[in-house]
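Trainee: Have a look at this one.
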Amino acid sequence: MKLLVRNLARTTTENEISVLFTAQGEVTECTLVLDPKTGESKGFAFVEMPNEAQAQAAIASLHHANIANNKIRVKLAD
C-alpha cells in the first residue's frame, strides 16, 4: 500500500521517515519529495508498505503524530 505523509518539517530526512514507518512494519520504499530547483524538502513523502494490516496500523498510529514539532498527516495515496 502506498501512503502519503504530509506536513513534514522541512528538516525531516528520508531516513527519519523510513525509520519511523519501519517501526510499524516492512517498508519497501520511502521517497521524500524534493524541490527540483533548491533540493529542499517540499514537506511530504510517499511510503510503500506491502502488508495492508501493517500499513493500516501505521496510519492509525502515526496520523496526527507530532514529529519534529509538526503534526504529520498520514493517509492512503490516491
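The values are calculated or read from the model by the stated rules, or taken from the named source; none is laboratory data. Quantities reported herein were computed from a predicted structural model and do not represent experimental measurements. For neighbour counting, all protein chains shown are included, and Cβ atoms are generated from backbone atoms with ideal geometry for every residue, glycine included. Keep in mind that these areas ignore ligands, DNA and RNA; they rest on the heavy atoms of the full protein, side chains included. Shrake-Rupley method; radii C 1.70, N 1.55, O 1.52, S 1.80 Å.
Trainee: Of all accessible surface on the chain at a 1.4 Å probe, what whole percent is carbon and sulfur?
Mentor: 47
Trainee: Also, quick follow-up: So what's the net charge close to GLN24: Lys and Arg +1, Asp and Glu -1, counting the other residues with Cβ under 15 Å from its Cβ?
Mentor: Neighbourhood net charge equals -3.
Trainee: While we're on this one: For a quick check, take a GNM of the chain with Cα springs below 10 Å and name the residue from LEU32, LEU62, LEU20 with the largest mean-square fluctuation.
Mentor: Maximum among the listed residues: LEU20.
Trainee: Which whole-Hz ³J(HN,Hα) couplings does the range 49-58 yield from phi under the Karplus relation 6.51 cos²θ - 1.76 cosθ + 1.60, θ = phi - 60°, glycine and proline marked x?
Mentor: 10, x, 9, 4, 5, 5, 5, 5, 5, 5
Trainee: Dipole size in debye (nearest 20) for the chain around its Cα centre, Lys and Arg Cβ +1, Asp and Glu Cβ -1?
Mentor: Using only the charged Cβ atoms, the result is roughly 380 debye.
Trainee: Can you work out the accessible area per residue across the chain, with the rest of the protein chains kept in place, probe 1.4 Å, in square angstrom?
Mentor: 61
Trainee: Between [x] 77; [y] 117; [z] 132, which entry matches volume of the Cα convex hull per residue in Å³ as derived from the coordinates of this structure?
Mentor: [x]
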